[in-house]
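The values are calculated or read from the model by the stated rules, or taken from the named source; none is laboratory data. Every value quoted in this text rests on a predicted model; they were computed, and no experiment measured them. Glycine gets a Cβ as well: all are built from the backbone with ideal geometry, and neighbour counts include every protein chain shown. Note: accessible area is taken over every heavy atom of the protein model, side chains too, but ligands, DNA and RNA are not part of it. Shrake-Rupley method; radii C 1.70, N 1.55, O 1.52, S 1.80 Å.
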Amino acid sequence: MSLYKTLKETDSVIYEAIQNEIDRQNDGLELIASENFVSRAVLTAVGSVFTNKYAEGYPRKRYYGGCKFADICEDEARNRMKELFGADHANVQPHSGTQANQAVYFTLLNPGDTILGMNLSHGGHLSHGHPVNFTGKLYNIVQYGVNKETETIDYDEMESLAKQHKPKLIVCGASAYARTIDFKRIQEIADATGALVLADIAHIAGLVATGLHPSPVPHNAFVSTTTHKTLRGPRGGAVMCKEEYAADLDKAVFPGGQGGPLVHVMAGKAVCFKEAASDDFKSYQKQIIKNAAALADTIQGRDFRLVSGGTDNHLMLVDVFAHGITGKDAEKALQKAHITVNKNTIPFDTQSPFVASGIRIGTPAVTTRGMKEAEMKVIGNLICDLLENIEDEKTLDKVKEGVKDLTSKFPLYLDIRDMWE
Ligand SMILES: *Cc1c(COP(=O)(O)O)cnc(C)c1O
């Protein structure tokens, strides 16, 4: 029966793309701060027969029959998330981080209402009010950023902008910000100006879940996240809120912004939240931070400037332009050596976003592979060797050798690659 043919038999093109992607992930040093490697358990849940199931609505209040087992997945995911973060309410249906944020906007705002969000080029996210995003088109956006001297969030500026513009919602949380965020202070600013707060912890959710970054949950009415970054779950979003907003938030997710939830991904989210509650996961998150600190030290020791002078979390922004190269060229040179980073604007950047003065480097993925401080030192030196000589073929060969040496010591998915036959 053709239903039971292997992937290899059915579609050799996609089969090969997957096998090649396993090799790419195994053979490279993944330093993109928003990426990670999920467990076999998460992969199995996401690749399960729940992809077949429609489950519009919520557990025990569905628009489709046959949801008995889908309800188990969603209930477990919701309850585990609430427990993990100490939240009143959780919705695990958003297909992505952006859709988790959209749900909060739809809960609270009408078109034309004012949002105070973080400037994208200072570390914010597209979905916090960028002009090309639906947020920039639907809402009146006012932006705060970082202080020019310290390159850390300027809470005084945030406060004066909030007083002046009276936003309905203050959005905080970032995609390229290496320092601790003061959610309590932001709530105080909101309280003083009649705003509500959405804390978007997409990047730092794993750190928050394990108490390694102060949690916004006790302070802010809404907390959104992705599940695939430091949290190391399946690609997707989730959103939490105080009890008083729960019913409205659920309506804003479905039917407000989405149709049927991805039950297979909710199953993967449930597994992810279970894993995240373990002692092993806490040790993993601690190691992410130690690794970022070690990598930052090595890179700074080689005279590269880090935005804000260092890192408190899982990522850092390197000002490569101060060293005479653009972010674009740095990204390209590193990719040749199978080191994956992304170019990133730095605060007050003089380059366009397509060129950028910085690169963003994160340690969640390499830490999942088991690498520790000693390996970070090696990686930092490989990066600097190459960035100091981006045209030199000999240097490139040496760095490639170094990458191969490291990755072969920390194999990834090779033993289970027949899962994708
Ligand atoms: C990654 C990220 C998101 C969005 O995630 P998608 O799943 O790509 O939509 C939202 N907010 C922040 C701060 C992020 O870093």
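Observations, loosely collected:
- Test: residue in the stretch 165-181 that is more than 19 Å from the chain's Cα centre (by Cα), at pLDDT 95 or above, within 16 Å of the ligand (Cβ to nearest atom) and not hydroxyl-bearing (Ser, Thr, Tyr): yes
- Within the stretch 77-106, residues that are assigned by TED's automatic domain parsing to the domain that holds Asn133 and free of Cβ contacts under 8 Å to residues at least 60 places away in the same chain reach partners that are of a type in the set (A, V, I, L, M, F, W, C) and more than 15 Å from the ligand (Cβ to nearest atom) with beta carbons closer than 7 Å, at six or more positions or on different chains, in the pairs Arg78/Ala90.
- In the stretch 253-274, the residue that is farthest from Glu76 (Cα to Cα) out of those that are within 16 Å of the ligand (Cβ to nearest atom) and buried (at least 24 other Cβ atoms within 10 Å of the Cβ) is Val253.
- Where strands (runs of 3 or more DSSP E) fall wholly inside the stretch 236-354, the ranges with 3 or more residues that are closer than 30 Å to Asn110 by Cα and either among the acidic types (Asp, Glu) or under 22 Å from the mean Cα position of the chain (by Cα) (or both) are 237-241.
- Scan the stretch 218-229 for residues that are in a loop (DSSP other than H, G, I, E, B), within 16 Å of the ligand (Cβ to nearest atom) and touching a Phe, Trp or Tyr at 6+ places or on another chain (Cβ under 9 Å) and the total you get is 2.
- When Ala356, Ala365, Ala374 are checked against the criterion of being modelled with pLDDT of 95 or more, outside the structural domain of Arg232 (by TED's automatic domain parsing) and out of contact with any Asp or Glu (no Cβ under 8 Å at 6 or more places or on another chain), a single residue qualifies: Ala374.
- Among the residues of the stretch 41-60, those that are surrounded by 15 or more Cβ atoms within 10 Å (Cβ to Cβ) and either of a type in the set (A, V, I, L, M) or under 21 Å from the mean Cα position of the chain (by Cα) (or both) comprise Val42, Leu43, Ala45, Val46, Ala55.
- Test: residue in the stretch 63-80 that is open to solvent by 10 Å² or more (accessible area, probe 1.4 Å) and within 16 Å of the ligand (Cβ to nearest atom): no
- Residue check, Ala209 among the aliphatic types (A, V, I, L, M), away from the ligand (no atom under 13 Å from the Cβ) and open to solvent by 10 Å² or more (accessible area, probe 1.4 Å): yes
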